[in-house]
Amino acid sequence: MLYWNSLRISIIEFLSYRKVWFLFPWLVQLLTSLSSQDYIHGLLCQMEIEQTSKGPSKFGASELLLGLNVGENAELEEAKKNAIVGRTQQQFLARIGAIELDGKRESQSDIPTDNRLTLLPWIDGVARLVLILELNDEVAISRAAESIADSSINEHMRTSFKEAGAIKHLVRLLDHNSFAVRSAVIHALERLSVSPSLYHVLEAEGILHPLVCTLKRSETSGSLMEKTLDILARILDPSKEMKSKFYNEPVNGSKMGIDAARSLNASAGLTGDKPVSIMDSRKELLDSTVITRLIEILKTSPSNLQRKAASILEFITIIEPSMETIIKVDVSSGLEAVFQQKAVKDKEADVEGQELDEYALEIEEAGLAVSAASRLLTKLLDSEQFCQKIDSTHFIKLLRKILKSDIPLRNKDWVAACLVKLCSISNPNVDFENPINMEVTLYETIPRLIEQIKLSLSPETQESAAVELNRIISEGVVDSTRAVASEVGIFPLVNLIEQGSDRAVEAALSILYNLSMDSDNHSAIIAAGAVPALRKIVLSQRSHWTRALRLLRNLPV
């Protein structure tokens, strides 16, 4: 015991001398790893040391080594623990650049230390990145902006950057002279714009003006243009703008519309009408140079950029109902280019030289672009001046071909609506036997109704779809029963007669009866399990048992 007391005193005396405090990590390692107490004591006694002032060390050693400044009654183990904690804290502060170590030894490893990663608590990291955006160092700004983009992985982080004031600095840096800074900043803003709650904040900070300026530049790179269109298409969403117009008045006599508007504006930091700065920025979109640039994108860009350009043009038609500026420019040529893209032409030839996944992705993107262009064309058809200028017959031919293509069904709804509107304009005296209406029914309406019967989880939706499908078939639309069979509609109809409501069962039985009039459909009806389901209805003498019996008699059983 006396031996260890003398050793503890030697340690304390040793640490009070100057120029040896940086040997403390090595000393702790010896104390914790070596078992020979005589060796440690002998080593300490043989060292030549020079005593200096006992005042606080300029290196902070007196604070970091406080655990070893112990009295006679203290425990050495507790002192070693405190010392290890102090050493770890010192290394961390040095690693993040908060302090510098005097007499720092060069790294013994070959790994460069300039690009070491630093881990910080997220709240400290957000604040530090925002502060870096105010520096004059282009490299630091670029890295901070890229870090903001990489960190904006969820709503919580995007909101944190907004509350820390990052958006104001990022918008300001969009006009920076350095291309690297602009690229990093536009990347960060594109990731932040994913959050719908930030749309109004981005507009209020004046993001539209620099984005419109970027859009006008012909030398803008492809990646920069894509991110610019991404942000603009999210902020200038035409469907969102149309919905916001209904918030100013009560809905069905209630105050929910007004309350929704107030809560929406409050969350965005806005009240009342849109600020004048936002309205002025939106007016910049009416510039003929901007519209010409968007139409050029429709003509020459890939499908994903075409979709965004068409969406922005549709938004322009909302803020300028007269549409004079758009009509003056040749917008029909841009729409024609979208409707004639490769993915919706000669589908058999396209599949041969492509992988299945690649072709599916191409068709998906083409369907989104066609749907956005169809929405734009439908909106433009509200203008009498545009209707007189457009070749409706040519566009009817293009849209009819698209309606029969392989694009996803959900993208055909606006194609069908645009076709019907074009047909009514070119020939006001239309009837159900019009070939365009028939094609819309066969290639959009019937597949959509079958999809609702098959996939919808709502019994009411399934019932409405079955009743509507039964009405179409009962009216004798040519090839309607063949369309139901080709869309694999027999299986969901058989499931409906087993699980649907009375009205849905009645409609499904009527549709299956019409299908059974064609002997080619018998095998599919039997394979779908219709016979046991029909016998169950007949034996239980449910309300529709006579219809089930007539269907059974048509089947070869």
Using square roots of five times the C-alpha gyration tensor eigenvalues, list the equivalent-ellipsoid semi-axes of the range 437-554 in whole Å, biggest first.
21, 16, 12
What nm distance separates the two modelled labels at S426 and L455, each placed 7 Å from Cα along Cα→Cβ?
3.0 nm
What FRET efficiency, computed as 1/(1 + (r/R0)^6) with R0 = 51 Å and r the Cβ-Cβ distance, is obtained for E475 and D150, rounded to the nearest 0.05?
0.30
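Whole-Å semi-axes of the range 323-430's equivalent ellipsoid, largest first, each the root of 5 times a Cα gyration tensor eigenvalue? Don't skip to the answer; put the middle values down first.
Values: eigenvalues 147, 41, 25 Å².
Rounded to whole Å, the semi-axes are 27, 14, 11.
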Measure off 7 Å from each Cα along the Cα-to-Cβ vector at E219 and M279, then give the distance between these two points in nanometres to one decimal.
3.7 nm
Mind checking the range 445-544 for GluC sites (Glu not before Pro) that DSSP puts in a loop (not H, G, I, E or B) and that have at most 12 other Cβ atoms within 10 Å?
E475
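What FRET efficiency do you get for L409 and E498 if R0 is 25 Å and r is their Cβ-Cβ distance, rounded to the nearest 0.05?
Working: r = 25 Å, r/R0 = 1.01.
Calculated value: 0.50.
To the nearest 0.05, how large is the calculated FRET efficiency for H522 and L356 if R₀ is 30 Å and r is the Cβ-Cβ distance?
Values: r = 33 Å, r/R0 = 1.08.
Once the sixth-power term is evaluated, E becomes 0.40.
Remind me, relative contact order of the range 437-554 in percent, using alpha carbon pairs under 8 angstrom and six or more residues apart? Mind dumping the intermediate values first?
Working: 125 pairs, mean separation 26.8, N = 118.
Relative contact order, the range 437-554: 23 percent.
Pulled fully out, how much extra length does the chain show between K342 and K328, if you take 0.36 nm times their separation in residues and subtract their Cα-Cα distance?
Numbers: separation 14, 0.36 × 14 = 5.04 nm, distance 2.78 nm.
Taking K342 through K328 to full extension adds about 2.3 nm, to one decimal.
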Expected vector for the range 519-530, Karplus 3J(HN,Hα) from phi with 6.51, -1.76, 1.60 and θ = phi - 60°, integer Hz, x for Gly and Pro, equals 5, 5, 8, 4, 4, 5, 5, 5, 5, 6, x, 6
Vicinal HN-Hα couplings computed from phi for the range 483-496 (Karplus, 6.51 cos²θ - 1.76 cosθ + 1.60; Hz; Gly/Pro x):
5, 5, 5, 5, 8, 6, x, 6, 4, x, 5, 5, 4, 5
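Roughly speaking, what is the stretch gain from F179 to K240, that is 0.36 nm per residue apart minus the C-alpha to C-alpha distance, in nm to one decimal?
Working: separation 61, 0.36 × 61 = 21.96 nm, distance 3.25 nm.
Extra length available between F179 and K240 comes to 18.7 nm.
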Compute the distance in nm between two label points, each set 7 Å from the Cα along the Cα-to-Cβ direction, one at K397 and one at S543.
5.2 nm
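FYI, it's all coordinate maths here, none of it is from the lab. Remember, predicted model here, so these are calculated numbers, not experimental data. Neighbour counts run over all protein chains shown; Cβ positions are idealised from the backbone, glycine included.
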